[in-house]
Amino acid sequence: MSATARDHWCDLAVIGSGIAGFAASIFATNRQIATAQVGNTGAIAYTTGYLDLLGSLYADPNPLVNPWQGLAHLRQEEPHHPLSRLPVELIRQAFNEFTTFVTNAGIGYTPPGDENITALTPVGTGKQTLCLPTTMAAGPLALAARRAAVIVDFKGLKGFSGRQVVANLRHCWPELCSARLTFPGMARGEIYPEVMARALEVAGTRRELADQLRQAAAGAGCVGLPAVLGMHHPDRVHQELEELSGLTIFEIPTMPPSVPGIRLREMFEQLFPQRGLTLIPQQKVDRLSFTDDGPLLELADNYGPVTIRAKAVLLATGRFLSGGLVADRNRISESLLQLPVSQPAERAEWYRQQYTDRRGHPIHRAGIEVDDSCRPVDRNGRVVDPRLFAAGVILAHQDWIRGRCGAGIAIATAFRAVAAAEQLLRR
Amino acid sequence: MAGEERIETEVLIIGGGVTGTGIMRDLALRGLASLLIDQRDLCAGASGGNHGLLHSGGRYVSNDLHSAVECRQENLILKQVAPHCIEDTGGLFVAVDGDDPDFASRFPTLCAAAGILCEEVLPAEARRLEPLLSPRLIKAYAVPDATVDPFRLALANVAEAARVQGSLYRPHTEIVSFAITDGEITSVSCRDRLSGARLCIVARQYINATGAWAMAVARLAGCHNVRLSYSKGTLLVSHDRLTARVINRLRPPGDGDILVPGGTVSVLGTTSVRTDNLEGVRPTVAEVDRNVREGQAMLPDLATARYIRAFSRIRPLLQSSGEDDRGATRGFALVDHRQEGLNNFCTITGGKLTTFRLMAEKTCDLVAGRLGNSSPCRTATLPLDDGGACRWTEPGAAAKYWYQANDAEDMVLCECEMVPASAIDEILACAPGLDETMSLEAIALRSRAGKGPCQGSFCGIRIASYLYERGYYRDRTGLYHMRNFFNERFKGMQTVIWGRQAAQMELAEALHCGLLGLDNLEESDSDSGQAPDSGGSR
């Protein structure tokens, strides 16, 4: 390796490789901003592929039908929520730009609509989402139409039971039944979604599976199955299976790490370098400092130190799972810059007594504070550094788990942060 | 009452802890059939919420010689008759700089008085044996402490009693009232906490082995001479096993001064707080932190260790004059209730895990005598045989069985503890007390499923899905069971969520609530009669 390849220059450095990080890189690339992205594997492999904007309003067990109206309520109830601080039009634009980009890149997504879609989960419950991969789109439609359908599962694939999906949906979807198939070429032992997905990139496997699906459908025109329809060309695999079998086919996400998340990650990892973006995946930034020349990122891989010099930097490092926030026995801190973290007074207040309490746990509302341009601020509300931006669930005053709004916060705040960074860079 | 189920038995045992199950087995070996009931399930009280320490007796030499001697004797007996439930780890008593050197130097003499083997180990040697011990160690003694799995003991007791005498076990059955005529209990009225159904049990003898609940149950029968005070103890489970041996602090009993290995983890405890409350007992952050602070004097690494669980239980202490619960006797009491005019009722309470067999023996001597049965007690010599269905509670064992069986079709459902689908099948088919009350929690009690670092976050979903597959769940019941199982596991996790557990918890909650929507299930249905209040040691 030459020394120069290990020192990178760019205009915007994005730290983090979850949805917020990738969204930021999409928006920056679309704006012709020279971008470098670096970060751990990221929680993106844990996503189902669903892109939710707002699925639930604080403590209300009923699914939210219209997320756009929901945002208006949220603005009243939780004015500090990151989504409350962004214009609705901007949020819609962000979703449009994100889904258009990934669709053009080969992973088709439904565009943001006016209402939430009730999508299916691997246990047969419903999940509110704004957008979903086109390979999954027929499921919610079949559910809404109560169309006769068969949920297929596979011998050896644990954690996904067609019978379970059916048992939990039958009260609202009477013409639903299940069938168990043996996945082509994987008759024995435990089998894994990722391996199945890659196997379906092969035409022979698709033909065999299509035959089996046609038999399993037994007259029903519609078949649901775990999300394994290809890794790099899911839409093509999906379409061909539908043509071969004459059925309407839809995917249901499996337990994480699930194929739809891995698809997104592998697509980004393949595509971004082609678009001129410097992508350093699977690496953790050790140090971020602000010199007179600009932000400096330092990390190390197996070959030694790597540096990235940027003009602006966007922190999308996520929460505890991705390492953006760290909790010790006494307090929660931000791991890279020791930014102040708004948090409950003591550990005893982090969690409520009941795990599934609808009000959610105070620990999730902890996070870093930003101004309206997504720039982190200190305890006195002063911008920490004009070249520093932050996006995603690391931001305070939101509970993305109870709100079903993780992707919404990631995509919308990344959009805002990149726009603000662009202003700075164009100056 | 119309349609009320009626069950007749020789002996009714109330309370499915180690003592109640020990009594069940002991009676069976004397030729007496019994019915065992528990308001929750096996080991739901203190039996399932302790260190899992088979005391050498060393712990009690300074303040309770009688208990120390009992422990020494029972320790030897149990190592003989139930070796599969015991890991003979040995134990160390250690003093660190700042601990009372006089107490430390008197320890061997005190042990000798109780007949307990005690050998001095030089600090350097002790640290060679247990590298995580504090460098500030000043004194160490080796004693024959060991560890014991109370869940396996209880399951094995029940299984053997069922096999040799047809004795029965019914979980989730609580006493509503006793019917008493002419100095005899004629029947007890019970309620099934899951179905709400009433049940009448008629027996010749009634045994109250309800541990911390013994005072309340005795009072239901009009007996006021069982007097207990309650001490809440909180313990922590670490992610890794930190020592090979049991480590005791060489000082008068105090907080956070015993660290006991258990399979792949270690258990640190305990605190002691007087309480009046038997229900809804949960660890607090303050108690957890106190254990960590105290424990780190023995092992500095305890300050930075990853913990996966904390739990609290109530110790029933025989009421004594003293104010200090640490000084209270850890002995047991057998009350025959004759003085209150009852001839077929007795209460056994107090004591500790190590002495459960002896407690059962004394109780059975009384009850068998009352029934004119003169068979001697056989539990001190006859090996405990559990027939296999109880083997899944043993830490690390599931992986071994799965590997030995070498069946690629047998999917591992709990990946932390390597519990395969075949284990779930075996438990469903033959583990005691599971016929009517199948739930995720009941399966978890009878196996290691959910005991690893993920605390059931993933395997709870996998096992539920497997149970749907097998047709045990046919409707949304499985969702409620999943939610209840995760809520229950969380009680033990809530106070130890920092470091990597914070990440683990975030992932779990995103999955259970964010994706599956278990937080949005209607409050509903069959939630009563669920598991212990703080999930127990596992």
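Odds and ends about this structure:
The rows are residues; the columns are (1) assigned to a strand (DSSP E or B); (2) of a type outside the set (Lys, Arg); (3) in contact (Cβ under 8 Å) with a residue 12 or more places away in the chain.
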position: A:Ala210; (1), (2), (3): no, yes, yes
position: A:Arg214; (1), (2), (3): no, no, yes
position: A:Ala220; (1), (2), (3): no, yes, yes
position: A:Glu240; (1), (2), (3): no, yes, yes
position: A:Glu243; (1), (2), (3): no, yes, no
position: A:Glu251; (1), (2), (3): yes, yes, yes
position: A:Pro256; (1), (2), (3): no, yes, yes
position: A:Leu264; (1), (2), (3): no, yes, yes
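- In the set A:Arg147, A:Arg163, only one residue is more than 14 Å from chain B (Cβ to nearest Cβ) and either assigned to a helix (DSSP H, G or I) or crowded, with 16+ Cβ neighbours inside 10 Å (or both); that residue is A:Arg147.
- Residue within the stretch B:210-217 that is in a loop (DSSP other than H, G, I, E, B), in the same structural domain as B:Ala104 (by TED's automatic domain parsing) and surrounded by 24 or more Cβ atoms within 10 Å (Cβ to Cβ) present: no
- Qualifying residues in the stretch B:467-495 (those that are closer than 17 Å to B:Ile427 by Cα, at the interface with another protein chain (Cβ under 7 Å from one of its Cβ atoms) and outside any loop (DSSP other than H, G, I, E, B)) - the one farthest from the chain's Cα centre (by Cα): B:Glu469
- Considering A:Val150, A:Val102, the condition of being in the same structural domain as A:Ser342 (by TED's automatic domain parsing) and among the hydrophobic types (A, V, I, L, M, F, W, C) is satisfied by A:Val102 alone.
- A:Leu157, sole failed condition from (1) exposed (fewer than 14 other Cβ atoms within 10 Å of the Cβ); (2) within 14 Å of chain B (Cβ to nearest Cβ): (1)
- The residues of the stretch B:496-506 that are in contact with a strand residue (DSSP E or B) (Cβ under 9 Å, 6 or more places away or on another chain), more than 7 Å from every other protein chain (Cβ to nearest Cβ) and over 20 Å from B:Arg313 (Cα atoms), listed by number, are B:Gln501, B:Gln504.
- Only one of A:Val418, A:Val393 that is in a loop (DSSP other than H, G, I, E, B) and either within 14 Å of another protein chain (Cβ to nearest Cβ) or crowded, with 24+ Cβ neighbours inside 10 Å (or both): A:Val393
- Residue within the stretch A:53-65 that is charged (D, E, K, R), at pLDDT 95 or above and either surrounded by 15 or more Cβ atoms within 10 Å (Cβ to Cβ) or closer than 21 Å to B:Gly517 by Cβ (or both) present: no
- Conditions (1) at pLDDT 80 or above; (2) assigned to a helix (DSSP H, G or I); number of the one not met by B:Ser457: (2)
- Condition check for A:Arg263 on (1) farther than 20 Å from A:Leu12 by Cα; (2) within 14 Å of chain B (Cβ to nearest Cβ): one failure, at (2).
- A:Arg416 in contact with a Gly (Cβ under 7 Å, 6 or more places away or on another chain), of a type in the set (D, E, K, R), touching a residue at least 60 places away in the same chain (Cβ under 8 Å) and within 21 Å of A:Pro112 (Cα to Cα): no
- Looking across the stretch B:66-100, the residues that are under 19 Å from the mean Cα position of the chain (by Cα), under 20 Å from B:Thr379 (Cβ atoms) and not β-branched (Val, Ile, Thr) come down to B:Cys71, B:Glu74, B:Asn75, B:Leu78, B:Lys79, B:Ala82, B:Pro83, B:His84, B:Cys85, B:Asp88.
Yes/no matrix, rows are residues, columns are (1) within 30 Å of B:Ile185 (Cα to Cα); (2) buried (at least 23 other Cβ atoms within 10 Å of the Cβ):
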| position | (1), (2) |
| --- | --- |
| B:Val226 | yes, yes |
| B:Leu235 | no, yes |
| B:Ala244 | no, no |
| B:Pro252 | no, no |
| B:Ser266 | no, yes |
| B:Asp276 | yes, no |
| B:Glu287 | no, yes |
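- Enumeration of residues in the stretch A:356-390 that are within 14 Å of chain B (Cβ to nearest Cβ), part of a loop (DSSP other than H, G, I, E, B) and not hydroxyl-bearing (Ser, Thr, Tyr): A:Asp357, A:Arg358, A:Arg359, A:Gly360, A:His361, A:Ala366
- Looking only at the stretch B:316-351, and only at residues there that are of a type outside the set (Gly, Ala, Ser) and surrounded by 24 or more Cβ atoms within 10 Å (Cβ to Cβ), the one that is modelled with the lowest pLDDT: B:Arg330
- Qualifying residue in the stretch A:169-190 (condition: within 14 Å of chain B (Cβ to nearest Cβ), among the acidic types (Asp, Glu), in a loop (DSSP other than H, G, I, E, B) and touching a strand residue (DSSP E or B) at 6+ places or on another chain (Cβ under 8 Å)): yes
- Each residue in the stretch B:112-171 was checked for being more than 28 Å from B:Leu250 (Cβ to Cβ) and within 21 Å of the chain's Cα centre (by Cα), and 16 of them qualify.
For every residue, the table says whether it meets (1) more than 30 Å from A:Pro174 (Cβ to Cβ); (2) without any contact (Cβ under 8 Å) to a residue 60 or more places away in the chain.
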{"site": "B:Arg448", "(1), (2)": "yes, no"}
{"site": "B:Gly456", "(1), (2)": "yes, yes"}
{"site": "B:Cys459", "(1), (2)": "yes, yes"}
{"site": "B:Arg474", "(1), (2)": "no, yes"}
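Conditions (1) of a type outside the set (A, V, I, L, M); (2) outside the structural domain of B:Ala218 (by TED's automatic domain parsing); (3) crowded, with 20+ Cβ neighbours inside 10 Å, marked per residue:
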{"position": "B:Ile13", "(1), (2), (3)": "no, no, yes"}
{"position": "B:Leu35", "(1), (2), (3)": "no, no, yes"}
{"position": "B:Leu53", "(1), (2), (3)": "no, yes, yes"}
{"position": "B:His66", "(1), (2), (3)": "yes, yes, no"}
{"position": "B:Val69", "(1), (2), (3)": "no, yes, no"}
{"position": "B:Lys79", "(1), (2), (3)": "yes, yes, no"}
{"position": "B:Gly90", "(1), (2), (3)": "yes, yes, no"}
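- Filtering the stretch A:275-326 to residues that are assigned to a loop (DSSP other than H, G, I, E, B), touching a residue at least 24 places away in the same chain (Cβ under 8 Å) and of a type outside the set (Gly, Ala, Ser) leaves A:Arg275, A:Leu277, A:Gln282, A:Gln283, A:Lys284, A:Val285, A:Tyr303, A:Lys311, A:Thr317, A:Arg319, A:Leu321.
- Of all the residues in the stretch A:111-144, those that are assigned to a strand (DSSP E or B) and among the aliphatic types (A, V, I, L, M) number 3.
- Single unsatisfied condition, A:Tyr46 versus (1) more than 14 Å from chain B (Cβ to nearest Cβ); (2) at pLDDT below 95: (1)
- Near pairs, Cβ below 6 angstrom, 6+ apart or cross-chain, from the stretch B:186-209 (at pLDDT 95 or above) to any residue that is in a loop (DSSP other than H, G, I, E, B) and basic (Lys, Arg): none
- From the list B:Asp182, B:Asp255, B:Asp240, the one residue that fits, being without any contact (Cβ under 8 Å) to a residue 60 or more places away in the chain, at negative phi and acidic (Asp, Glu), is B:Asp255.
- Filtered residue count, the stretch A:334-355, keeping only those that are within 11 Å of chain B (Cβ to nearest Cβ) and not basic (Lys, Arg): 8
The values are calculated or read from the model by the stated rules, or taken from the named source; none is laboratory data. Not measured: the values here are computed from a predicted model. Because the Cβ atoms are built from the backbone with ideal geometry, glycine has one as well, and the counts that use them run over all protein chains shown.
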